[in-house]
1. Of all residues in region 82-112, count the ones that are of a type in the set (Ser, Thr, Tyr) and part of a helix (DSSP H, G or I).
2. Those residues that are in contact with an Asp or Glu (Cβ under 7 Å, 6 or more places away or on another chain) and assigned to a helix (DSSP H, G or I), I need them from region 1-11; list them, please.
3. From (1) over 26 Å from Leu134 (Cα atoms); (2) surrounded by fewer than 13 Cβ atoms within 10 Å (Cβ to Cβ); (3) in contact with a helix residue (DSSP H, G or I) (Cβ under 7 Å, 6 or more places away or on another chain); (4) of a type outside the set (Gly, Ala, Ser), pick out the condition that doesn't hold for Gln83.
4. Could you check Asp37 against (1) surrounded by 14 or more Cβ atoms within 10 Å (Cβ to Cβ); (2) free of Cβ contacts under 8 Å to residues at least 40 places away in the same chain and say which number it fails?
5. Being assigned to a loop (DSSP other than H, G, I, E, B) and crowded, with 18+ Cβ neighbours inside 10 Å is the filter here; which residues of region 116-136 pass it?
6. Could you please find all residues in region 92-127 being among the polar types (S, T, N, Q) and closer than 19 Å to Leu27 by Cβ?
Amino acid sequence: MRIFLDANVLFFAAKSDGAVRQLLMLLEKSGHECCVDDYVVEEARRNLVAKAPDRLVALESLLSRMKTAGAQRSDATLEASLQLPAKDRPVLAAAIHQSCGALVTGDRTHFGPLYGRTIRGVTIHSPRSLAEALLE
């Protein structure tokens with residue numbers, strides 16, 4: 001399965017050798033393809049520069065094993081149908097555009113109400129629910 005990663009997932013996977021990085025390694029080992037776009041990469045990079053600049057090398061290492069596409073603009077029909085802030089709409093649009101089966105995000109505030117829902121073929125997951133759905 002193709003899985004789109006939100007910026008916060010990239011950030012935590014790069015920042016420490018914790019559960020999120022382990023999840024990405026298990027997904028890769030299980031044959032899943034992790035996908036990102038320039039929009040989420042730049043957000044993750046910006047946050048790492050501000051909070052953990054020494055971890056930028058880890059981010060680049062992770063990205064070298066992922067499919068990266070250019071930033072995707074949100075479309076009007078998607079915007080009208082969902083209650084997502086403008087900054088989060090391109091994330092879901094990119095997952096749809098890259099034909100991903102899942103979008104994994106730790107953003108409970110904005111995506112939490114959508115966890116478990118499938119929108120245009122993309123099921124929205126927290127890292128935990130994705131692990132439970134694909135790895136157990």
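The values are calculated or read from the model by the stated rules, or taken from the named source; none is laboratory data. Because the structure is predicted, anything quoted here is derived from the model rather than measured. In this analysis, Cβ positions are derived from the backbone assuming ideal geometry, glycine residues included, and neighbour counts consider all displayed protein chains.
1. Let us first name the residues in region 82-112 that are of a type in the set (Ser, Thr, Tyr), namely 99, 105, 109.
Adding the requirement that they be part of a helix (DSSP H, G or I) leaves 109.
Qualifying residue count for the region: 1.
2. Ala7, Asn8
3. The failed condition is (3).
4. With respect to (1) surrounded by 14 or more Cβ atoms within 10 Å (Cβ to Cβ); (2) free of Cβ contacts under 8 Å to residues at least 40 places away in the same chain, Asp37 is out only on (2).
5. Going through region 116-136, the residues assigned to a loop (DSSP other than H, G, I, E, B) turn out to be 116-117, 120-121, 126, 136.
The one that is assigned to a loop (DSSP other than H, G, I, E, B) and crowded, with 18+ Cβ neighbours inside 10 Å: Ser126.
6. Filtering region 92-127 for residues among the polar types (S, T, N, Q) gives 98-99, 105, 109, 118, 123, 126.
Answer for region 92-127, where residues must be among the polar types (S, T, N, Q) and closer than 19 Å to Leu27 by Cβ: Gln98, Ser99, Thr105, Thr118, Thr123, Ser126.
This table checks each residue for (1) modelled with pLDDT of 95 or more; (2) under 16 Å from the mean Cα position of the chain (by Cα); (3) of a type in the set (A, V, I, L, M, F, W, C); (4) more than 14 Å from Asn8 (Cα to Cα).
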site: His32; (1), (2), (3), (4): yes, yes, no, yes
site: Val40; (1), (2), (3), (4): yes, yes, yes, no
site: Leu48; (1), (2), (3), (4): yes, yes, yes, no
site: Lys51; (1), (2), (3), (4): yes, no, no, no
site: Leu59; (1), (2), (3), (4): yes, yes, yes, no
site: Ser64; (1), (2), (3), (4): yes, yes, no, yes
site: Ala69; (1), (2), (3), (4): no, yes, yes, yes
site: Gln72; (1), (2), (3), (4): no, yes, no, yes
